[in-house]
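**Student:** Below are the structure tokens for one structure; questions will follow.
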Amino acid sequence: MSSAHSAVPTAGSVSSPPSTASSSSPAVAAPTITELLDFVRRTARNEALIASLPLDPEGRTWIRLDGPGGSEAWLIGWPPGTGTGWHDHADSIGAFTTAAGALKEHSLAVRLPTDGWKTLELTDGVDRSRELAAGQGRAFGQNHVHEVLNESEDVHAVSVHAYYPPLPRIRRFSRTGAVLRLEQTESPEDWQ
């Protein structure tokens, strides 16, 4: 969850605490992509929750949420001009919805090798872009490579994200033209 600007994590979860399961409790089914998208859309309509996120003019802020079925979820504030840089979510599926402002997503319609490479030349036609205004979102499968940006010059954006399984790692990339370069791999302790 790091960004080009330093961001200070805010205090823990603002939703109800996770239930404690005993050995006699039935296992919770893994959420589907559709369920994750439904969750982020519902959460993005929670005006009190969205208003509770402290917004920093210098860097992204976030609050960890309890997602459905053991998923990892985040409420994220995006100052004008900030973004994630190119990254993936390893083997996690996910969804996000813009709750306030607008976000731009650039993504690659290509499956990257999971390991063993540092530089990859992308072919023509793999780039996708979409503008996500308040109330709009999207879901994605495993190994989805994208960057998310708040291109506004003066308006904060807020979004809700959910991933399942909880993110085991994030690979960060740099991009120059058609060349994508693996820069680093982060684990949960790097952003939580």
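The values are calculated or read from the model by the stated rules, or taken from the named source; none is laboratory data. All values derive from a computational prediction rather than experimental measurement. All Cβ positions, glycine included, derive from the backbone under ideal geometry; neighbour counts span all protein chains shown. Note: areas computed on protein heavy atoms with side chains; ligands, DNA, RNA excluded. Shrake-Rupley method; radii C 1.70, N 1.55, O 1.52, S 1.80 Å.
**Student:** Could you please report the charge total around Ala95, scoring K, R as +1 and D, E as -1 over all other residues with beta-carbon less than 13 angstrom from its beta-carbon?
**Tutor:** -1
**Student:** Excluding ligands, DNA and RNA, what is the solvent-accessible area per residue of the chain at a probe of 1.4 Å, expressed in Å²? Walk me through the numbers before you get to the answer.
**Tutor:** Numbers: 9510 Å² over 192 residues.
Accessible area per residue: 50 Å².
**Student:** Carbon and sulfur atoms: what percent of the 1.4 Å accessible area of the chain do they account for?
**Tutor:** 51 percent
**Student:** Could you give me the ³J(HN,Hα) list for segment 162-171, computed from phi with Karplus coefficients 6.51, -1.76, 1.60 and θ = phi - 60°, whole Hz, x at Gly and Pro?
**Tutor:** Ordered by residue, 3J(HN,Hα) equals 9, 9, 9, x, x, 3, x, 5, 10, 9 Hz.
**Student:** Compare the Cα positions of Phe173, Ser152, Gln142 along the charge dipole of segment 120-192 (+1 at Cβ of Lys, Arg; -1 at Cβ of Asp, Glu; about the Cα centre) and return the one farthest towards the positive end.
**Tutor:** The one lying farthest along the dipole's positive direction is Gln142.
**Student:** If you average 1/r over all unlike Cα pairs in segment 111-186 and invert the result, what Kirkwood radius do you get in angstrom? Can you show the working numbers first?
**Tutor:** Numbers: mean 1/r = 0.0671 Å⁻¹.
Averaging 1/r across every pair of different Cα atoms and inverting gives 14.9 Å.
**Student:** While we're looking at this one, here's another question. Glu183's amide H: which non-local residues (gap 5+, or another chain) put their own amide H closer than 5 Å, with H modeled 1.01 Å from N in plane and none for Pro or chain starts?
**Tutor:** For Glu183, whose amide H was placed from the backbone, the distant partners under 5 Å are Arg172, Phe173, Ser174.
**Student:** Next question. Please report the relative contact order for the chain, taking Cα pairs under 8 Å with a sequence separation of at least 6, and give it as a percent rounded to a whole number.
**Tutor:** Relative contact order for the chain comes out at 29 percent.
**Student:** Quick one: which residues, 5+ away or cross-chain, put their amide H under 5 Å from the amide H of Val126? H built at 1.01 Å from N.
**Tutor:** none
**Student:** Here is a further query. When the helix-only estimate is applied to the chain (DSSP H runs of n ≥ 4, each -39,500 (n - 2.57), divided by the residue count), what is the mean residue ellipticity at 222 nm, nearest 500 deg cm²/dmol?
**Tutor:** Counting only the DSSP helices, I get -2500 deg cm²/dmol.
**Student:** For segment 79-87, in order, what is each residue's ³J(HN,Hα) by Karplus, 6.51 cos²θ - 1.76 cosθ + 1.60 with θ = phi - 60°, in whole Hz (x at glycine and Pro)?
**Tutor:** x, x, x, 9, x, 8, x, 5, 7
**Student:** How much of the pair distance distribution for the chain lies past 32 Å, counting alpha-carbon pairs only, in percent?
**Tutor:** Here the long-distance tail beyond 32 Å is 13 percent of all Cα pairs in the chain.
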